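Chemist: One structure, as structure tokens, below. Some questions next.
The values are calculated or read from the model by the stated rules, or taken from the named source; none is laboratory data. These numbers come from a predicted model, not from an experiment. When we count neighbours, we look across all protein chains shown, and the Cβ atoms used for this are built from the backbone with ideal geometry, even at glycine. With ligands, DNA and RNA removed, areas are computed over all heavy atoms of the protein, side chains included. Shrake-Rupley method; radii C 1.70, N 1.55, O 1.52, S 1.80 Å.
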Amino acid sequence: MTDDDSTTDDRTRTDSTDARRRRRPVTPPYQAPAGATATSKWAPDGQESLSVTATAGWTVLRREESPAAEVFSVAWVVDDAPADRPVTFVFNGGPGASAAYLHVGAIGPRRVDLPADGSLPRMPVRLVDNDASWLPQTDLVFVDPVGTGFSRRIPASESTKKNAEEDAKDTSDHGYYEFAADLAAMREFIGRWLSANGRWSAPVVIAGESYGGYRVGRLARSLQEDEGVGLAGAILISPALELGPLTATDYSMESFIDTLPTMAAGALHHGRCRAAGEGAPVDDVMAAAAEFAAGDYATFLARGAAMDPDARDDVLGRLADLVGLDRDVVDRVDGRVTIVTWVRELLRDERKVVGLYDATQVTTDPFPDREPFAGADPTLAGITPAFTMGVNQVLRGEIGLESERRYELLSLDVNEAWKVDEDVHALEMPPGATDDLRYGLSLNPHLRVLIVHGRHDLVTPSHTSVRLRDLMRLDPATGERVDLRTYDGGHMFYALADSRAAFAADARDFLATCLGDPD
């Protein structure tokens, strides 16, 4: 064989290999579903009209270079505004809740028209321009974490083209239903959104409700430290800053101390608080209950059977009068009145059950003879169809999004799947958010924080945030950057017209301060 023959042979093999490569199908980059965009006028009574563009769509998040999740969001951006216009990222909690509660219930440009007293509206719900929206101060991006709203994980068969049998064996959630991974996903989304929309020059605010408030507390540190996103403000709405107080046991104290002022407020509302006269100011009653809770009641909880019998009897009597229960009920639970016991017992003689999420709301007990309570919470369950119908009207009807997906307002599957993924001892609680909030305030001397609660919320009571703020050991200058406000109503206090208006006014003042508005 000559040298020329060898060269020709090599070239033939190379050409054959190139041809096979050209014939091999090329997998295209993963594409999220098509979104939608609509421009409209926001023109509530008494406010200047704004032209605003709503963009609804999905952002693909990746794990190890493979598409792993589609995060759905709705951005409301004022038209012809500069790139440095403030932007606020908003999410709810659960874990497992979509952003629809705040989107169509509180601060979005369009809102479900609820009765002024926070009761349930007649179906189908009607949408109105929301005069309590933050749109005049900031663009708004509502984010649905993975597994909520229209967000979902991407099955392996879609991201890597595995066959159906392999996909059926893939039961992982790619880590999105975990504490640290959820925070990482929110950081990734915020950074990606700022880049895609050319908004790195914009002041950034984060706002979250309930577990979303926990997200905000922790992102106050990690969003700045790990993603490099400096924050102008953080708004925590009915937050669960620490997870320990959410669980009451025979051997714990925090939950009983924190919920007692809210029970007293609820008893006062329903005319059952024997420790206060008719017409007593609710804040005064709550303050007296908080003083009792941190003093004699805390001693009672700590000492148990070791407490002097006469002193125990006095505490149990004062407790019953404050929370409006019969003394025999308080004796039966040995003074450890859980929120589940209180909502069932307060109005049992009327066959009524009080709401956990709003103690001013009641419902008829459908099964008064059954233990435990087998009915629905009047606030959380009752508001579900209103917000589900409302957000679908906004997304599908007004923005024009086309999708066969079901909008998951609140996913119990996500909630039940949530787990710890951080480096903690086996016997440790998952980390709280208060330390990260303190760290973020120290890291950024310009960051301002607003914490807001409903007075009648038993799930994340306002006294928890008051107590934690007092334990944060903030120096005076830092303490001035943390404000705490309370309103009538419960977990979703913004369902009440007066509370929604008061919250909007406080948020407007807060945003003007943290964004440096000269007005």
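Chemist: Tell me the net charge near VAL315. Cut-off is 14 Å between Cβ atoms, VAL315 excluded, with +1 for each Lys or Arg and -1 for each Asp or Glu.
Modeler: -4
Chemist: So, in nm, how far is label ALA477 from label GLN31 when the simple model puts each one 7 Å beyond its Cα toward the Cβ?
Modeler: 5.4
Chemist: Here's something else I'd like to know. In whole Å, what are the extents of region 281-354 along the principal axes defined by its C-alpha atoms, from largest to smallest?
Modeler: Over region 281-354, Cα extents along the principal axes are 37, 29, 17 Å.
Chemist: Follow-up question, since we're still on this one. Would you calculate a helix-derived [θ] at 222 nm for the chain, using -39,500 (n - 2.57) for each DSSP H run of n ≥ 4 and dividing by the full residue count, to the nearest 500?
Modeler: Counting only the DSSP helices, I get -11000 deg cm²/dmol.
Chemist: Could you report the chain's accessible area per residue, 1.4 Å probe, as an integer in Å²?
Modeler: Heavy-atom SASA per residue in the chain reads 45 Å².
Chemist: Keeping the other protein chains in place, figure out the carbon and sulfur percent of the accessible area of the chain, with a 1.4 Å probe.
Modeler: With neighbouring chains kept in place, the figure for the chain is 48 percent.
Chemist: Would you mind computing, in nm to one decimal, how far apart the modelled labels at ALA43 and ASN392 are, each placed 7 Å from Cα along Cα→Cβ?
Modeler: Result: 3.0 nm between the two label points.
Chemist: Oh, and also: So what's the gap between the Cα centers of region 233-301 and region 445-478, to the nearest angstrom?
Modeler: Distance between centres, Cα-based: 15 Å.
Chemist: Here is a follow-up. Using per-residue counts of other Cβ atoms within 10 Å, averaged over each peptide, order 382-389, 228-235, 333-340 from highest down.
Modeler: The packing order, highest mean first, is 228-235, 382-389, 333-340.
Chemist: OK, next. Assuming 0.36 nm per residue, please report the length gained on full extension of the stretch ARG405 to ARG85 beyond their Cα-Cα distance.
Modeler: Gain in length upon complete extension: 111.9 nm.
Chemist: In debye, nearest 20: dipole of the chain around its Cα centre with unit charges on the Cβ of K, R (+) and D, E (-)?
Modeler: Once rounded to the nearest 20, the dipole reads 960 debye.
Chemist: How high is the relative contact order of the chain? Use alpha-carbon pairs under 8 Å, at least six apart in sequence, and give a whole percent.
Modeler: Answer for the chain is 19 percent.
Chemist: Compute the Kirkwood hydrodynamic radius of the chain, taking the inverse of the mean of 1/r over all pairs of distinct Cα atoms, and give it in Å to one decimal.
Modeler: Result for the chain stands at 25.0 Å.
Chemist: Can you check what the net charge comes to around VAL205, using other residues whose Cβ is under 11 Å from the Cβ of VAL205 (Lys, Arg +1; Asp, Glu -1)?
Modeler: Net local charge, VAL205 excluded: 0.
Chemist: If I model a spin label at ASP328 and ASP250 as a point 7 Å from the Cα along the Cα→Cβ vector, what separation in nanometres do I get?
Modeler: Distance between label points: 2.3 nm.
Chemist: With a length cut of 20 Å (Cα positions projected on each helix's long axis) and a Kyte-Doolittle mean of at least -1.0, go through the chain and give me the DSSP H helices that pass.
Modeler: Helices meeting the span and hydropathy rule in the chain are 179-196, 211-225, 254-269, 309-323, 497-514.
Chemist: Turning to a different aspect of this structure: Taking the alpha-carbon set of region 420-519, what are its Rg and Dmax in Å?
Modeler: Here Rg and the maximum Cα pair distance are 15.8, 51 Å.
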